[in-house]
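Input: a single structure, listed below in structure tokens.
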Amino acid sequence: MKEIALYTLDIAQNSITAQAKHLEITLAEEEGRITLTIADDGKGMEPELLARVSDPFTTTRTTRSMGLGLPLLRLAAEQAGGCFAIQSTAGVGTTVEASFQADHIDCPPVGDMAGSITLLLQGAPELELTYVHRAGEAEIGLDTRQLREELGDGISLAEPEVILWVRDYLQEQEALLRENKGMKA
Amino acid sequence: MKSLAELRAIRERMEKQIDLREAGEDRIRVVVGMATCGIAAGARPVLNAFLEEVNKRDLKNVTVSQTGCIGVCRLEPIVEVYVPGQEKVTYVKMTPDKVASIVSEHLVNGRVVEEYTIGAAE
């Protein structure tokens with residue numbers, strides 16, 4: 001994967017598969033580190049599965065016995081001087097945290113977070129999602145409850161016109177955050 | 001700068017349209033593989049391009065959705081098109097610039113773009 005945003009999209013799909021209703025995605029850029037946290041209230045994992053989950057030969061899929069999402073993220077974080085942690089409780093939810101050393105040569109760029117967050121919603125329009133992207137003191141974000149307040153119950157977030165608007169909105173927010181910090185995309 | 005209040009305007013406009021995406025049997029479905037393999041191969045811009053094209057042409061009978069791993073990871077990004085009453089068509093090694101012709105030829109005019117299909121790739 002070329003961007004932290006693509007890992008975000010990939011790992012958050014696990015939460016949707018685990019029937020999460022709420023998802024919190026936080027990307028924090030501070031003190032030379034980039035930390036991605038994805039917390040869900042999905043069905044969680046038993047300790048036995050949790051222990052094996054960053055092994056590439058572990059999956060919940062029944063078609064083939066391999067899953068690569070978490071091992072790839074773990075590898076990316078550890079290669080970039082960061083670390084990877086996963087906590088999970090069956091019936092409660094799962095939290096994945098990966099950090100990267102921002103100035104490490106192998107640290108992937110943050111990339112198109114607006115694109116990832118909106119496509120996540122397009123695929124799971126019922127999800128309650130809060131997204132926060134922090135860079136030093138500055139912060140932007142999105143809360144699907146606010147979107148639904150404006151949209152009402154009758155219109156799905158997956159409607160192309162709606163989701164494209166949300167993407168443009170978030171892109172603008174991300175650009176403001178970068179300007180604020182003088183960061184590169 | 002955009003404000004969330006603009007969503008209200010979209011809502012009002014959509015609520016006026018009586019033909020708002022009726023859930024029927026005669027809908028065309030476009031399904032993009034968005035598992036680890038698809039995402040790593042570039043499925044995100046492909047899905048985006050489909051949403052943009054469908055919105056631009058205001059195709060009310062088309063649903064764009066996502067699925068997991070389709071099973072031929074080396075040919076990702078993969079897009080499946082289901083037209084009611086016809087056999088499924090699988091497009092492989094998709095890129096955003098292939099999307100416009102699939103939308104205009106296949107989804108609008110009903111002509112499969114053979115050169116992008118799995119049959120042509122294999």
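Which number in (1) away from chain A (no Cβ under 13 Å); (2) within 12 Å of the chain's Cα centre (by Cα) marks the one condition that B:GLU25 misses?
Looking at each condition in turn, B:GLU25 falls short on (2).
What pairs come out if I take residues in region B:4-25 that are closer than 24 Å to A:ARG145 by Cα and open to solvent by less than 70 Å² (accessible area, probe 1.4 Å) and pair them with residues that are modelled with pLDDT of 70 or more and basic (Lys, Arg) whose C-beta lies under 6 Å away, six or more apart or interchain?
Close Cβ pairs satisfying both conditions: B:ARG21/B:LYS60.
Does B:LEU51 qualify as being under 8 Å from the mean Cα position of the chain (by Cα), open to solvent by less than 50 Å² (accessible area, probe 1.4 Å) and within 11 Å of chain A (Cβ to nearest Cβ)? Walk me through how you get there before you give the answer.
Numbers: under 8 Å from the mean Cα position of the chain (by Cα): yes; open to solvent by less than 50 Å² (accessible area, probe 1.4 Å): yes; within 11 Å of chain A (Cβ to nearest Cβ): yes.
Taking the combined requirement at face value, the residue satisfies it.
Looking only at region A:68-84, how many residues end up being open to solvent by 50 Å² or more (accessible area, probe 1.4 Å) and outside any loop (DSSP other than H, G, I, E, B)?
5
Looking at region B:104-122, I want the residues that are open to solvent by 60 Å² or more (accessible area, probe 1.4 Å) and have a partner that is at pLDDT below 95 with Cβ atoms under 6 Å, at least 6 apart or on another chain. Which pairs are those?
From residues that are open to solvent by 60 Å² or more (accessible area, probe 1.4 Å), the pairs are B:GLU114/B:ALA120.
Picking from B:LYS88, B:LYS60, which residue would you name as being without any contact (Cβ under 8 Å) to a residue 24 or more places away in the chain, surrounded by fewer than 19 Cβ atoms within 10 Å (Cβ to Cβ) and not small (Gly, Ala, Ser)?
Numbers: B:LYS60 fails: without any contact (Cβ under 8 Å) to a residue 24 or more places away in the chain.
Of the residues listed, the single one that is without any contact (Cβ under 8 Å) to a residue 24 or more places away in the chain, surrounded by fewer than 19 Cβ atoms within 10 Å (Cβ to Cβ) and not small (Gly, Ala, Ser) is B:LYS88.
Given the conditions (1) among the β-branched types (Val, Ile, Thr); (2) in contact with a helix residue (DSSP H, G or I) (Cβ under 8 Å, 6 or more places away or on another chain); (3) under 19 Å from A:LEU119 (Cα atoms), which single one is not true for B:VAL112?
(3)
Criterion first (modelled with pLDDT under 95, on the phi < 0 side of the Ramachandran plot and open to solvent by 10 Å² or more (accessible area, probe 1.4 Å)) does A:GLU97 satisfy it? Walk me through how you get there before you give the answer.
Details: modelled with pLDDT under 95: no; on the phi < 0 side of the Ramachandran plot: yes; open to solvent by 10 Å² or more (accessible area, probe 1.4 Å): yes.
Spelling it out, it is not the case that A:GLU97 is modelled with pLDDT under 95, on the phi < 0 side of the Ramachandran plot and open to solvent by 10 Å² or more (accessible area, probe 1.4 Å).
Can you pull out the residues in region A:128-156 that are open to solvent by less than 10 Å² (accessible area, probe 1.4 Å) and either touching a strand residue (DSSP E or B) at 6+ places or on another chain (Cβ under 8 Å) or more than 10 Å from every other protein chain (Cβ to nearest Cβ) (or both)?
If the condition is that a residue be open to solvent by less than 10 Å² (accessible area, probe 1.4 Å) and either touching a strand residue (DSSP E or B) at 6+ places or on another chain (Cβ under 8 Å) or more than 10 Å from every other protein chain (Cβ to nearest Cβ) (or both), then A:LEU129, A:TYR131, A:HIS133, A:ALA135, A:THR144 are the ones that fit.
Looking only at residues in region A:129-185 that are assigned to a helix (DSSP H, G or I) and aromatic (Phe, Trp, Tyr), which one is farthest from A:THR35 (Cα to Cα)?
To start, the set of residues in region A:129-185 that are assigned to a helix (DSSP H, G or I) comprises A:144-151, A:160-181.
With the extra rule that they be aromatic (Phe, Trp, Tyr), the set shrinks to A:165, A:169.
On the way: A:TRP165: 27, A:TYR169: 23 Å.
Only one residue fits best here, namely A:TRP165.
Which of the helices (runs of 4 or more DSSP H) contained wholly in region B:1-68 include at least 2 residues that are closer than 18 Å to B:VAL103 by Cβ and modelled with pLDDT of 95 or more?
On the way: elements: B:6-16, B:36-41, B:43-56.
Ranges flagged: B:43-56.
Kindly check whether there is at least one residue in region A:116-124 that is surrounded by fewer than 16 Cβ atoms within 10 Å (Cβ to Cβ) and β-branched (Val, Ile, Thr). Working first, answer last.
The initial filter retains those residues of region A:116-124 that are surrounded by fewer than 16 Cβ atoms within 10 Å (Cβ to Cβ), namely none.
The answer is no; no qualifying residue exists.
What number of residues within region A:9-34 are within 14 Å of chain B (Cβ to nearest Cβ), touching a residue at least 60 places away in the same chain (Cβ under 8 Å) and either in a helix (DSSP H, G or I) or touching a strand residue (DSSP E or B) at 6+ places or on another chain (Cβ under 6 Å) (or both)?
8
Identify all residues within region A:97-113 that are touching a strand residue (DSSP E or B) at 6+ places or on another chain (Cβ under 9 Å) and either closer than 14 Å to A:TYR7 by Cβ or hydrophobic (A, V, I, L, M, F, W, C) (or both); write none if there are none.
If we filter region A:97-113 for residues that are touching a strand residue (DSSP E or B) at 6+ places or on another chain (Cβ under 9 Å), which is where we start, we get A:97-102, A:106-108, A:110, A:113.
Passing the criteria: A:GLU97, A:ALA98, A:SER99, A:PHE100, A:ALA102, A:ASP106, A:CYS107, A:PRO108, A:VAL110, A:MET113.
Take the conditions part of a loop (DSSP other than H, G, I, E, B), at positive phi and within 14 Å of chain B (Cβ to nearest Cβ) and apply them to A:GLY91. Does it pass?
It is false that A:GLY91 is part of a loop (DSSP other than H, G, I, E, B), at positive phi and within 14 Å of chain B (Cβ to nearest Cβ).
Out of the residues in region B:63-85 that are open to solvent by 50 Å² or more (accessible area, probe 1.4 Å) and free of Cβ contacts under 8 Å to residues at least 12 places away in the same chain, state the one that is nearest to the other protein chains (Cβ to nearest Cβ).
Taking the candidates together, the pick is B:ARG74.
Can you tell me which residue in region B:35-48 is most open to solvent (accessible area, probe 1.4 Å), limited to those that are at the interface with chain A (Cβ under 10 Å from one of its Cβ atoms) and within 12 Å of the chain's Cα centre (by Cα)?
B:PRO45
The values are calculated or read from the model by the stated rules, or taken from the named source; none is laboratory data. A quick note: this is a predicted structure, and the numbers were derived from the prediction, not measured. Quick reminder, even Gly has a Cβ in these numbers, built from the backbone with ideal geometry, and neighbours come from all protein chains shown. The accessibility values were calculated without ligands, DNA or RNA, using every heavy atom of the protein model including side chains. Shrake-Rupley method; radii C 1.70, N 1.55, O 1.52, S 1.80 Å.
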